[in-house]
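Asks: Structure in structure tokens, see below.
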Protein chains: 2
Amino acid sequence: MTLLVQKFGGTSVGSPDRIREVADYVARSQRRGNRIVLVASAMGKETDELLRLADQVASSKPGREMDMLITGGERKACALLSMALHDRGVDADSFTGSQAGFVTDTNHQNAKIIKLQPSRIRQALDAGRVPVVGGSQGVSTDSNVTFLGRGGSDTTAVALADALNADACELYTDVPGVFSTDPRLVPNARRIDKISFDELLEMTATGCPKPAMRSVEYARAYGVKLHVRSAFSWVPGTWVTEEGSMENALISAVTHDTSEAKMTVSGVIDRPGVAATLFRTLADADVNIDMIVQNVSEQGHTDISFTVPHQQVDKATAAVDSILDVLGAAGVVADRQVARVSLIGAGMRTNPGVAATMFETLANNGINIEMISTSAIRVSCVVRETQVEQAVASLHDAFELHIPPQNRAHI
Amino acid sequence: MTLLVQKFGGTSVGSPDRIREVADYVARSQRRGNRIVLVASAMGKETDELLRLADQVASSKPGREMDMLITGGERKACALLSMALHDRGVDADSFTGSQAGFVTDTNHQNAKIIKLQPSRIRQALDAGRVPVVGGSQGVSTDSNVTFLGRGGSDTTAVALADALNADACELYTDVPGVFSTDPRLVPNARRIDKISFDELLEMTATGCPKPAMRSVEYARAYGVKLHVRSAFSWVPGTWVTEEGSMENALISAVTHDTSEAKMTVSGVIDRPGVAATLFRTLADADVNIDMIVQNVSEQGHTDISFTVPHQQVDKATAAVDSILDVLGAAGVVADRQVARVSLIGAGMRTNPGVAATMFETLANNGINIEMISTSAIRVSCVVRETQVEQAVASLHDAFELHIPPQNRAHI
């Protein structure tokens with residue numbers, strides 16, 4: 001008998017109607033002989049509403065109290081889903097993270113799972129029941145309620161799938177799977193049937209919103225088969241597997257990201273340890289750096305550029321300003337009018353021609369490249385924000401991503 | 001140092017503004033040297049909203065799941081109150097019922113406290129912190145979340161006050177205390193300074209909405225001093241004490257209740273066991289009976305009347321219909337256009353004249369009495385619903401309840 005962990009949240013359970021529809025689906029799935037464990041995150045925008053309420057009540061918000069507040073959203077969704085299942089003749093029980101056996105560290109608002117002992121979940125399954133587990137939560141080693149962070153319900157689902165040795169972990173979302181690029185920008189974007197963990201990680205790291213990166217890392221580390229699929233059409237979506245892309249595609253997808261700014265520290269003295277000083281200072285200031293590019297040295301001085309989230313630009317600027325002397329640098333400037341376009345594909349490892357084709361395609365479309373960064377399975381270019389949609393469309397077209405991989409002309 | 005258990009809920013914490021105001025008050029109370037344990041029930045109408053959501057999602061609503069859903073309201077209020085206290089420099093920690101040590105039976109939606117071991121609450125107090133406990137909740141002996149029922153937060157507060165040996169249990173509401181009658185009906189209704197548990201129990205049983213009857217019974221059983229007071233004016237309210245009314249008032253209050261219907265089973269054979277059959281049948285149908293009156297027998301037949309909540313009339317009618325043969329009865333009729341007016345006072349025990357004065361007052365005002373029921377400290381009359389306000393006003397006037405007891409003329 002197949003054991004599935006199915007995770008629902010957000011718009012998938014955003015209204016009473018949606019909750020009933022999910023319950024219909026789960027009931028059908030169970031009648032077909034599957035054993036099912038559900039994981040629920042909060043309904044619709046509830047987490048945002050709870051955060052707004054906290055803002056209205058207090059300015060200092062201890063993590064312990066925030067976690068007590070926020071985890072209520074998942075708990076509510078679980079109880080309602082369980083009721084809807086009972087209505088359909090399916091015996092179901094809701095469980096908080098603590099009841100489900102999630103023990104975490106004491107790092108409130110972003111707790112890490114230390115131990116998972118889902119004995120009550122196993123008991124419920126053995127009794128033919130459907131356990132419905134509150135996502136993104138647990139109990140800390142000092143017995144307080146903890147929250148695993150935004151997107152933590154995906155991690156809850158993956159961890160349960162691992163501990164219960166489930167056949168698959170299905171993450172239901174409001175999109176039908178992972179696409180070759182953003183379907184809102186490129187109408188003939190193609191849903192990818194299978195993708196590797198590494199490719200998906202590069203995609204989530206460069207602007208693809210779902211699933212949460214941490215859950216993909218967890219799934220890769222423990223060999224949990226992920227299935228990203230739609231809670232609206234219910235048709236099969238994208239499988240994410242350890243083995244890598246079964247399609248052997250050279251290129252899987254084009255992604256873009258407009259959430260980061262480009263910062264450039266100019267006239268830095270080109271001597272050992274300068275980059276280390278710069279990025280240690282930024283790390284100490286809790287600035288999240290993504291791409292880093294250091295230009296060639298001219299007469300003993302160089303420019304170092306990097307990208308940071310828009311909301312961290314001020315913090316990053318202040319941090320760099322404080323060490324301009326140490327760096328021997330002329331100054332630091334931030335440019336928010338940039339976007340990143342990335343090409344993702346496991347097949348790139350052995351195909352240096354991919355990057356060249358990418359740069360040519362952009363040049364042919366009059367798009368200037370301001371920064372370049374590559375990994376084994378990704379090439380990213382920073383371009384003007386106004387040109388990013390054109391960049392995505394032209395690359396999707398050039399690499400024939402709208403065509404199934406086996407039918408593409410080789411590039 | 002004084003230890004106070006303070007309970008807030010409903011409109012008292014109905015908005016972010018209200019939560020901040022309660023936090024201001026608690027902070028001041030702590031600065032004056034009091035040690036404080038807070039109990040919170042859900043904000044405003046949140047419990048009703050959760051119930052409505054459940055109705056929208058499912059028709060069969062298992063108690064276990066309802067409790068998981070409903071207790072979220074208290075939990076949310078606790079977390080927000082704790083944050084607001086932190087904002088004012090008061091170290092505070094929220095606790096669920098389970099964390100606070102409330103162990104209950106497995107009777108979901110209306111669980112009873114079996115054991116209370118508030119070790120975490122004591123630890124928090126010893127560390128100079130303010131524990132904020134989720135009202136009306138606990139963990140059952142089989143490790144599920146339980147709800148103590150509507151109004152259960154008062155019981156939570158009283159139980160904690162008892163277990164911690166607190167100096168008083170303060171129940172904060174949207175009214176300034178217990179009144180000699182409903183101030184909305186009678187403008188010169190008087191706030192009672194002190195009242196006995198028995199008197200308050202009779203009042204809550206006959207239409208006075210607060211505090212919850214079960215918490216008063218608990219407080220009486222364990223000798224917890226209750227103080228019913230306002231979360232809006234913050235001035236002292238009504239003390240409820242074991243010793244009885246310190247004022248030695250003959251009559252304390254007039255209350256009224258329009259939530260019940262009068263049902264009459266007519267032509268019942270007047271023989272032993274008939275009433276037992278009737279009320280056992282109603283009890284088995286989960287009908288809550290309040291007043292019971294059996295009229296004098298005429299030619300071997302009698303009428304039996306009783307009051308039931310409006311929403312149980314159909315259930316009660318069906319139950320009685322099913323045994324009309326056994327009762328040898330002609331039929332059963334329900335009358336929803338009735339109201340009950342009650343006179344409450346410990347002093348009535350030894351003053352039979354009180355009932356007479358009550359009946360005369362009603363008669364002089366043209367108000368017909370349809371049923372009468374008395375206890376040692378209460379006389380209740382069922383009258384037409386349209387006349388109940390006049391009945392309350394005339395009785396309040398006749399017994400001079402607007403005047404402090406020591407200044408009243410003896411009746």
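The values are calculated or read from the model by the stated rules, or taken from the named source; none is laboratory data. Predicted model only: the values in this text are computed from it and were never measured. All Cβ positions, even for glycine, are placed from backbone atoms using ideal geometry, and neighbour counts span all protein chains on display.
Asks: Cβ-Cβ distance below 6 Å, separation of 6 or more or different chains: which pairs start in the range A:97-108 with a residue that is surrounded by fewer than 24 Cβ atoms within 10 Å (Cβ to Cβ) and end on one that is modelled with pLDDT of 95 or more and part of a loop (DSSP other than H, G, I, E, B)?
Replies: As it stands, the answer is A:Gly101/A:Gln117; A:Gly101/A:Pro118; A:Thr106/A:Asp142, since those pairs meet every condition given.
Asks: Checking the condition more than 14 Å from chain A (Cβ to nearest Cβ) and over 27 Å from A:Ala79 (Cα atoms), which residue from B:Asn188, B:Asn110 passes?
Replies: Just one listed residue meets the conditions, B:Asn188.
Asks: Is the range A:83-95 home to any residue that is under 30 Å from B:Ile19 (Cβ atoms) and in a helix (DSSP H, G or I)?
Replies: yes
Asks: Run A:Ile372 past the list (1) out of contact with any Phe, Trp or Tyr (no Cβ under 9 Å at 6 or more places or on another chain); (2) loosely packed, with under 15 Cβ neighbours inside 10 Å and report the number of the one that doesn't hold.
Replies: So the condition that A:Ile372 fails would be (1).
Asks: Which pairs turn up if I take residues in the range B:241-267 that are part of a loop (DSSP other than H, G, I, E, B) and modelled with pLDDT of 90 or more and look for partners that are crowded, with 22+ Cβ neighbours inside 10 Å and of a type in the set (Gly, Ala, Ser) with beta carbon separation below 7 Å, at least 6 apart in sequence or on another chain?
Replies: Sorted first by the residue in the range B:241-267, then by its partner, the pairs are B:Thr258/B:Ala339.
Asks: In the set A:Val341, A:Val333, A:Val326, which member is part of a strand (DSSP E or B) and surrounded by fewer than 17 Cβ atoms within 10 Å (Cβ to Cβ)? Before the answer, list the steps.
Replies: Details: A:Val341 fails: surrounded by fewer than 17 Cβ atoms within 10 Å (Cβ to Cβ); A:Val326 fails: part of a strand (DSSP E or B).
After ruling out the rest, the residue left standing is A:Val333.
Asks: Ok, one more. Among the residues of the range B:100-121, which ones are farther than 24 Å from B:Leu69 by Cβ and out of contact with any helix residue (DSSP H, G or I) (no Cβ under 9 Å at 6 or more places or on another chain)?
Replies: Residues satisfying the conditions are B:Lys115, B:Ser119, B:Arg120.
Asks: Here are the criteria: (1) in a loop (DSSP other than H, G, I, E, B); (2) at pLDDT below 95; (3) farther than 27 Å from A:Glu21 by Cβ. Tell me which single one A:Asp182 does not satisfy.
Replies: Among (1) in a loop (DSSP other than H, G, I, E, B); (2) at pLDDT below 95; (3) farther than 27 Å from A:Glu21 by Cβ, A:Asp182 violates only (3).
Asks: Of all residues in the range B:293-313, which are surrounded by 12 or more Cβ atoms within 10 Å (Cβ to Cβ) and either part of a helix (DSSP H, G or I) or modelled with pLDDT of 80 or more (or both)?
Replies: If the condition is that a residue be surrounded by 12 or more Cβ atoms within 10 Å (Cβ to Cβ) and either part of a helix (DSSP H, G or I) or modelled with pLDDT of 80 or more (or both), then B:His301, B:Thr302, B:Asp303, B:Ile304, B:Ser305, B:Phe306, B:Thr307, B:Val308, B:Pro309, B:His310, B:Gln312, B:Val313 are the ones that fit.
Asks: Filter the range B:22-61 for residues that are touching a residue at least 40 places away in the same chain (Cβ under 8 Å) and in a helix (DSSP H, G or I) and give the result.
Replies: Once the filter is applied, which keeps residues that are touching a residue at least 40 places away in the same chain (Cβ under 8 Å) and in a helix (DSSP H, G or I), the range B:22-61 yields B:Val22, B:Ala23, B:Asp24, B:Tyr25, B:Val26, B:Ala27, B:Gln30, B:Thr47.
Asks: Which of the residues that make up the range B:7-66 are under 30 Å from A:Pro16 (Cβ atoms), surrounded by fewer than 19 Cβ atoms within 10 Å (Cβ to Cβ), away from every other protein chain (no Cβ under 14 Å) and not β-branched (Val, Ile, Thr)?
Replies: Within the range B:7-66, B:Lys45, B:Asp48 meet the criteria.
One line per residue, one yes/no per condition, for (1) modelled with pLDDT under 95; (2) touching a strand residue (DSSP E or B) at 6+ places or on another chain (Cβ under 6 Å); (3) within 9 Å of chain A (Cβ to nearest Cβ):
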position	(1), (2), (3)
B:Ile70	no, yes, yes
B:Gly73	no, yes, yes
B:Met83	no, no, yes
B:Asp87	no, no, yes
B:Gln99	no, no, yes
B:Ala124	no, yes, no
B:Val130	no, yes, no
B:Arg150	yes, no, no
B:Ala159	no, yes, no
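Asks: B:Val287 is checked against (1) assigned to a helix (DSSP H, G or I); (2) surrounded by 14 or more Cβ atoms within 10 Å (Cβ to Cβ) and fails just one. What number does that condition carry?
Replies: So B:Val287 meets the others, but not (1).
Asks: Could you identify the single residue in B:Ile114, B:Ile70 that is buried (at least 19 other Cβ atoms within 10 Å of the Cβ) and aliphatic (A, V, I, L, M)?
Replies: So the residue among B:Ile114, B:Ile70 that is buried (at least 19 other Cβ atoms within 10 Å of the Cβ) and aliphatic (A, V, I, L, M) is B:Ile70.
Asks: Does B:Asp321 fit the bill of being without any contact (Cβ under 8 Å) to a residue 24 or more places away in the chain and charged (D, E, K, R)?
Replies: Here the answer is yes, as B:Asp321 does meet what is asked.
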